Every structure is written in C-alpha cells, then in structure tokens.
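Take a look at the structure set out below.
The values are calculated or read from the model by the stated rules, or taken from the named source; none is laboratory data. For clarity, every value in this text was computed on a predicted model and none was experimentally measured. Don't worry about glycine lacking a Cβ; one is built from the backbone with ideal geometry, like all the others, and counts go over all protein chains shown. Heavy atoms of the whole protein, side chains included, go into the accessibility calculation; ligands, DNA and RNA do not. Shrake-Rupley method; radii C 1.70, N 1.55, O 1.52, S 1.80 Å.
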Amino acid sequence: QDFIWIEMQHAPLTWRETQQLIKVVAEAGCIPFVRVPSANVGAIQKATDAGALGIIIPMVETVQEARNAVMFAKFPIGHRDNPNTKPWGHRSSGGGQAGSLWGGGYSTNANNNIFILIQIESPAGVGQIDNILEEVEGIDGVMVASNDFGAHGGDRDGDESYNAREKLVREAVLKRGKILAGPSSWQTRPGYKMFQGTRS
C-alpha cells in the first residue's frame, strides 16, 4: 500500500495544516507518514494524535534518539487485563483526530499499527546502527537518507567510502529482519523494500 510522506523537518507546515493533510491522505486510502523535526515528545505526540501511522525520525545518531521515537509513539500498558501490544511507551492519551480516522479500537491497536522509521544520515549514525537495533525494541525500518548520507561523509554514492558505510547499515538492518528503505532510485538494489518517491 502507498504511503504519503508529510514533511515537517524542512517544510514550514503548521501542526494544524499537518493534521488536515493526514486526514486527506487517510481518506484517500493511503497511509500517512510524518517526518517530524526531531525525536522529541511534542512533535511525535502531535503527529500520532493527528493520526499519523508512520513516524519518520531524521538524523538519528544515538540509541536515545531511537528509543525516544518508540517511547513517544507507543502507548503504555493501558489495562493489565487487556494490555496494549509491546513495546510499551510513554505516549499519553491526548485525543486528537486519530480515533475518528482509524476507529473506536484505535487506542488498543495503535501500538500494532504505528510504523517507526529512523533515518541514518551521518557517519555517527552509521557507527551506532548496530547498538540502536540491538538495544531499541520497536524500530520497524531504517532509511539510508542518500543525499545527506554523502554530504555528512564528504563523499557521494558510488565512492568506496560511501558504499562501505551503506553496506554497514544495510547488513545491520537485514540481519535483524527490519525494513530497509532508500530513495526511489535504489529500487533495484538488493534488500531495499521501501522507497521515498519524488515530489509531485
């Protein structure tokens, strides 16, 4: 199924505009993803309350940033007799339009349905990818953000150093059975299953 990526990291969207875009995407039968500016509780909570089913975290370089992505997107245990799916997080029950978009059972099913995608864009992130995936339960996918991946490393796709870093990320992700994401131009590369399309 197609997902639509709503850009908040670089775009001047307000949260009200983002909420409206999520509604339009959902009503069109697509899955709304939001790339939040950073792995902080305010951004992730607003995106999930507005109904985002995918949370994209840019520039992940530490275990704590990855842990925050899961912690703020996932609900806690809920009720011990009918617990939410693990991993449990610290998301609070704030309402928003998520329940009206996704139905009455939203709160008990949200932990099953919110996809956490982290972006690895720098050598520091590459150096931490094994630790991140070993220590943080609930990361669903990892994207090699190809342009910044090169800009932060001082090289470009095709250079030996770039390809070596990409291989480290790719092997770490596939070894753990996670979804490997990249730009649409990488659709023929082995292992990649999720792609960021071009702007329209």
Quiz item: Residues of the stretch 139-151 being surrounded by fewer than 19 Cβ atoms within 10 Å (Cβ to Cβ) and at pLDDT 95 or above, which ones?
Solution: Asp140, Gly141, Ala151
Self-check item: Pair list, Cβ < 6 Å and 6+ apart or interchain, from the stretch 23-40 residues that are under 16 Å from Ala181 (Cα atoms) and without any contact (Cβ under 8 Å) to a residue 24 or more places away in the chain to residues that are open to solvent by less than 20 Å² (accessible area, probe 1.4 Å) and not in a strand (DSSP E or B)
Solution: none
Quiz item: When you go through Gly127, Gly154, Gly96 one by one, which is the residue that is out of contact with any strand residue (DSSP E or B) (no Cβ under 6 Å at 6 or more places or on another chain), in a loop (DSSP other than H, G, I, E, B), open to solvent by 10 Å² or more (accessible area, probe 1.4 Å) and free of Cβ contacts under 8 Å to residues at least 40 places away in the same chain?
Solution: Gly154
Quiz item: Which residues, taken from the stretch 76-93, are open to solvent by 60 Å² or more (accessible area, probe 1.4 Å) and in contact (Cβ under 8 Å) with a residue 24 or more places away in the chain?
Solution: Gly78, Asn82, Lys86, His90, Ser92
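In the stretch 105-143, what count of residues is obtained for those that are in contact with a Pro (Cβ under 6 Å, 6 or more places away or on another chain) and within 12 Å of Val70 (Cα to Cα)?
2
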Self-check item: Hits in the stretch 99-111 (condition: outside any loop (DSSP other than H, G, I, E, B) and open to solvent by 20 Å² or more (accessible area, probe 1.4 Å))
Solution: Gly99, Ser100, Leu101, Trp102, Tyr106, Ser107, Thr108, Asn109
Practice problem: Taking the options Ile118, Ile114, Ile44, name whichever one is farther than 17 Å from Gln19 by Cβ, touching a residue at least 12 places away in the same chain (Cβ under 8 Å), open to solvent by less than 20 Å² (accessible area, probe 1.4 Å) and not polar (S, T, N, Q). | Solution: Ile118
Practice problem: Inspect the stretch 6-26 for any residue being on the phi > 0 side of the Ramachandran plot and loosely packed, with under 15 Cβ neighbours inside 10 Å and give the result as yes or no. | Solution: no
Quiz item: In the set Leu133, Leu117, Leu168, which member is part of a helix (DSSP H, G or I) and within 14 Å of the chain's Cα centre (by Cα)?
Solution: Leu133
